[in-house]
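A short write-up of the structure that comes next.
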Amino acid sequence: MASYSTGFGVDHGFAFANTFTFDLQLAPWWRLGRISPGLCGGMAYAALDYYHAGAPIPGQTEPPPQDSALGRYLIERQLASNTASLVLQVVRWTLRDAQRLQAKMLASELPSLRSHLQQGIPVVLVLIRAHSLREVTHNHQVVAYGYDEDADGGRMTIQVYDPNWPRRSTALSIELRPTDGDLRPTHTIDGAFKGFILQAYTARQRGLPTTR
């Protein structure tokens, strides 16, 4: 079995859960309404910001007010984590059937994920959980920081920091050699999802809030 890990871990994530709620309107004609949770991308990006800066992450266990320094920072990083090109890719992958999506993931996303983690670089993944545009906010962002791969058994387990489950060990599992073409992507707590996209991330090391 091959195993790789980075220096990142769940303790580098925030101690509070992603329980933010927003009234989201993407355009005058496209209102998604109240969505919750709402800052998974911002929390994933911010956790990596603190990690790469070598700075201790705020240890509070309650989500910060949205008008606080940390709350504003998480919103900033949420916006940075949702570029126009990524949103378009997420929309395309949301509309794909599961087998086509997983074939693409197997060919492009998994090799890139292996390469990053083997080099000790944690990465942000977008988990595709939606089956239509009405469900697009069901998609979710996490930080992958290690993996185990059983070549004989054909299974890969990816360790992740999930902002919805603070300080809990969570993982994604994938069947690499299914007989029916279904890789059966599964989150250890939240269950099945369609697949994932490896997301570009650039560290920001200035202006990190130290308190609420």
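The values are calculated or read from the model by the stated rules, or taken from the named source; none is laboratory data. None of the values given here were measured: they were computed from a predicted structure. Don't worry about glycine lacking a Cβ; one is built from the backbone with ideal geometry, like all the others, and counts go over all protein chains shown. Heavy atoms of the whole protein, side chains included, go into the accessibility calculation; ligands, DNA and RNA do not. Shrake-Rupley method; radii C 1.70, N 1.55, O 1.52, S 1.80 Å.
If we scan the stretch 158-173, do we find a residue that is under 21 Å from LEU39 (Cα atoms), of a type in the set (A, V, I, L, M, F, W, C), touching a Pro at 6+ places or on another chain (Cβ under 9 Å) and at pLDDT 95 or above?
Scanning the stretch 158-173, I find at least one residue that is under 21 Å from LEU39 (Cα atoms), of a type in the set (A, V, I, L, M, F, W, C), touching a Pro at 6+ places or on another chain (Cβ under 9 Å) and at pLDDT 95 or above, so the answer is yes.
I'd like the residue in the stretch 121-145 that is outside any strand (DSSP E or B) and open to solvent by less than 10 Å² (accessible area, probe 1.4 Å) and, out of all such residues, is nearest to TYR45 (Cα to Cα).
Only one residue fits best here, namely PRO122.
Please verify whether LEU88 is among the hydrophobic types (A, V, I, L, M, F, W, C), assigned to a helix (DSSP H, G or I), open to solvent by 20 Å² or more (accessible area, probe 1.4 Å) and closer than 21 Å to GLY195 by Cα, treating the condition exactly as stated.
It is true that LEU88 is among the hydrophobic types (A, V, I, L, M, F, W, C), assigned to a helix (DSSP H, G or I), open to solvent by 20 Å² or more (accessible area, probe 1.4 Å) and closer than 21 Å to GLY195 by Cα.
Name every residue in the stretch 172-212 that is in contact with a Gly (Cβ under 7 Å, 6 or more places away or on another chain), assigned to a loop (DSSP other than H, G, I, E, B) and surrounded by fewer than 19 Cβ atoms within 10 Å (Cβ to Cβ), in order of residue number. Break it down stepwise before answering.
Here is the first cut: in the stretch 172-212, the residues in contact with a Gly (Cβ under 7 Å, 6 or more places away or on another chain) are 175-177, 185.
Okay, now just the ones that are also assigned to a loop (DSSP other than H, G, I, E, B), so 176-177, 185.
Within the stretch 172-212, LEU176, ARG177 meet the criteria.
In the stretch 146-167, which residues are in contact (Cβ under 8 Å) with a residue 60 or more places away in the chain, of a type in the set (Gly, Ala, Ser) and assigned to a loop (DSSP other than H, G, I, E, B)?
ALA151
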